[in-house]
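Heads up, the thing below is written out as structure tokens.
The values are calculated or read from the model by the stated rules, or taken from the named source; none is laboratory data. Bear in mind that the values here come from a model prediction, so they are computed numbers and not experimental data. In this analysis, Cβ positions are derived from the backbone assuming ideal geometry, glycine residues included, and neighbour counts consider all displayed protein chains.
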Amino acid sequence: MSRYRPKPELDVDADASLNIQRLMHRLDWNLIRTFMVIAAERSISRAAARLFLSQPAVSLALKRLEENLGHQLIDRSGSKFNLTTAGEQVLEIAKDTYSVLAQLGGVSEGAASDVSGNIRLLVVGQIVSPAYDEFLSGFYRQYPNIGVQIETLRSSDIVSAVQQKTATMGVCITKAIPYRLDQKLFMRQNYAFYCGRSHSLYGRSDVTLEELSPERYINFTSTQVGDTFLPLNLFREKHGFTGRLSASSDSLSEILRLILCGFGYGCLPMQMAEKYVESGDLWLLSPDGGFAEVDLQLIWNPEQKLNAAEKTFMSELVALLDRGDFSLISQS
């Protein structure tokens with residue numbers, strides 16, 4: 001059995017274990033990334049779920065990082081889960097280093113006018129908008145050497161990632177943006193109730209709230225864990241709906257699938273549901289329009305050091321929003 005016992009504290013200025021040579025030759029940057037997620041989630045199990053890894057794999061990665069550094073990074077005594085002094089210092093170094101390394105992707109290999117590099121954009125759910133598609137298409141035509149990575153996460157995870165400077169920008173639903181982040185209205189989505197072909201209310205244009213109240217419904221998982229997406233819950237509580245929850249998901253695409261499969265009624269952005277209504281696969285249960293407007297916010301960290309590709313993408317997107325040319329804002 002290993003007798004390794006990591007030291008709990010770290011003096012970055014005095015401890016030679018964190019000199020540049022050791023970092024470059026001994027550390028696996030995947031371990032650093034895993035540690036950043038563990039620190040953000042404050043849980044091995046939640047970090048494993050976010051990274052799509054097993055809990056033992058995440059625990060082993062943390063152990064390897066502690067062994068490489070020679071310091072304990074997390075205090076796991078009892079039910080507590082806190083970063084040690086060393087862990088706090090390593091986390092700050094990791095955030096800054098990750099941000100600086102991201103700039104390497106912006107080094108152009110061609111002429112100075114050929115902007116290249118990679119951007120990482122995080123979005124919540126499914127964005128359905130011809131205007132957004134047109135922007136991305138035009139951006140690619142103008143900057144073919146810029147790589148775009150788009151990931152779908154929960155709003156809370158997007159805010160956390162942008163805070164940690166591990167993403168260029170994020171598009172999320174949130175009422176309270178941390179003061180260190182900047183934001184701009186990206187898109188206003190109008191949500192309405194829908195059911196599938198097999199539902200008993202399909203085809204009716206005279207459905208009342210009293211009739212809808214006892215029906216089984218499909219909900220967003222995020223509303224059950226205190227995330228920021230609440231329109232369906234608030235509406236149901238306001239009107240005293242009594243129907244039973246039949247299914248849930250944190251993905252708009254899966255909510256759509258469950259509605260189409262007849263699990264119950266649910267709410268969707270009207271932009272997303274439009275083509276399914278036209279094809280007859282969905283039925284709009286609120287013919288007078290949606291019941292809630294939800295704003296998608298574009299967020300970024302002004303303290304993050306961006307590469308050339310990230311600066312280009314951000315400046316072009318924000319400029320469109322500032323000029324009011326982007327019809328994303330007024331869609332309904």
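Tallying residues that are within 18 Å of the chain's Cα centre (by Cα) and surrounded by 23 or more Cβ atoms within 10 Å (Cβ to Cβ) within region 253-268 yields 1.
Taken over region 77-97, the criterion of being surrounded by fewer than 18 Cβ atoms within 10 Å (Cβ to Cβ) and small (Gly, Ala, Ser) is satisfied by Ser77, Gly78, Ser79. Checked against (1) within 18 Å of Ile255 (Cβ to Cβ); (2) free of Cβ contacts under 8 Å to residues at least 40 places away in the same chain, Thr152 meets all criteria but (2). Among the residues making up region 280-307, a single one is among the small types (Gly, Ala, Ser) and modelled with pLDDT of 90 or more: Gly280.
Here Phe35 fulfils each of the conditions (1) touching a strand residue (DSSP E or B) at 6+ places or on another chain (Cβ under 8 Å); (2) modelled with pLDDT of 85 or more; (3) aromatic (Phe, Trp, Tyr) apart from (1).
The set of residues in region 238-260 being in a helix (DSSP H, G or I) and of a type outside the set (D, E, K, R) consists of His239, Leu252, Ser253, Ile255, Leu256, Leu258, Ile259, Leu260. Within region 112-171, which residues are crowded, with 22+ Cβ neighbours inside 10 Å and of a type in the set (Asp, Glu)? Across region 112-171, the qualifying residue is only Asp157. Within region 73-94, which residues are in contact with a strand residue (DSSP E or B) (Cβ under 8 Å, 6 or more places away or on another chain) and farther than 12 Å from Phe35 by Cα? The answer is Asp75, Phe81, Asn82, Thr84, Ala86.
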